[in-house]
1. Report whether or not T210 is within 27 Å of C267 (Cβ to Cβ), away from the ligand (no atom under 16 Å from the Cβ) and among the hydroxyl-bearing types (S, T, Y).
2. Does V255 qualify as being more than 12 Å from the ligand (Cβ to nearest atom), at pLDDT 85 or above and on the phi < 0 side of the Ramachandran plot?
3. Can you pull out the strands (runs of 3 or more DSSP E) entirely within the range 29-114 that have at least 2 residues that are in the same structural domain as A16 (by TED's automatic domain parsing) and either among the aliphatic types (A, V, I, L, M) or buried (at least 16 other Cβ atoms within 10 Å of the Cβ) (or both)?
4. Based on this model, can you work out whether P268 counts as more than 16 Å from the ligand (Cβ to nearest atom) and modelled with pLDDT under 95?
5. Restricting to the range 5-24, count the residues that are modelled with pLDDT of 85 or more, within 24 Å of the chain's Cα centre (by Cα) and assigned to a loop (DSSP other than H, G, I, E, B).
6. Look at S159 and say whether it is farther than 22 Å from Y112 by Cβ, outside the structural domain of A260 (by TED's automatic domain parsing) and among the polar types (S, T, N, Q).
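The values are calculated or read from the model by the stated rules, or taken from the named source; none is laboratory data. Nothing here was measured: the structure is a model prediction, and the numbers come from that model. Ideal geometry is used to build each Cβ from the backbone, glycine not excepted, and the neighbour counts take in all protein chains shown.
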Amino acid sequence: MRITNQANLPDAIVQAVKNDPYPQQDTGDISVTRLIDSPQIRVLRERHWDRLEEDAADRIWSLLGQVAHGILERAETVAMTEQRLFANVAGWRVSGQFDRLVVLPDGTLQDYKVTSVWAVVNGIKPDWLHQLNCLRWLAERNGHAVRRLQIVAILRDWSRGKALGDPGYPQRQVQVLDVPVWSLEETGAYIRERVRLHQAASGGYVPECTPEERWERPTTYAVMRRGRKSALRVFDSLDEARALAAGESDRRVEVRPGRAIRCEEYCPVAKFCPQRRAELGEPPLEQAPRMPPAFPPMGDAPVSIH
Ligand code: SF4
């Protein structure tokens, strides 16, 4: 992947982005971060790695996240930090790295996230839930008993003014959030299913990205009133919006089309993606992904976990 510098940033920043140690680490056949994410993105990234470009300015938050991790690791006194753990699942080496594991008797696994306020206002994000439970499973496989999972969210865009005016807004710039803990059996089944999906993708059976993986926002319907800029109410259903606007001559329904935010703005492989290209009416650059007509259920194939 080529790092560009379209904003003409100082060379030190560009070099810091280029010297991200993550790509050089041994992450086995797949890391937890990739495992819980879209197989299509992973396969396209691997296939087109030499042709991918990312601008240094777009990696600044990731860089600052690493800075925060480094400083916190340096300050740590009671916990094990930044360890990468491995386990074999169905012939693949799966790896994951936890930020901070407080050893027994507490057994808390914490992960630091430098993130937006909006990532925490609606509770724990599904990918945090998946990631931390997979890390717990790996920790257990490596002899570390984990009883509690937490996200330490450092809110990069937190506003004191908003916190003062809105009790529903996070009241502190750092939040410690408890993450629901799955059973180890449930997590093991989830990991095996994800490994199977990624193995199938590596073999050419690439599933399309799901609405969640595409960060889809559904189409909504806003009831607007003449002379007012913001919507009176926003609905998921056109009928409900029409009902509120009905009989009021100063009201109208505004359709706000749904979007796949990740495809449009963030996906590094969008220009190579057959799913995205088909959506835009562009011809595929390569053979479209194919799925077997009937994907055999889990129980049909022996799966080994060591
Ligand atoms: S462009 Fe969208 S559909 Fe294609 S790989 Fe990226 S996230 Fe998935």
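1. Judged against the criteria, T210 is not a match.
2. Yes.
3. Passing ranges, in order: 79-89, 92-102.
4. Judged against the criteria, P268 is not a match.
5. Here the count works out to 0.
6. For S159, the condition - farther than 22 Å from Y112 by Cβ, outside the structural domain of A260 (by TED's automatic domain parsing) and among the polar types (S, T, N, Q) - is not met.
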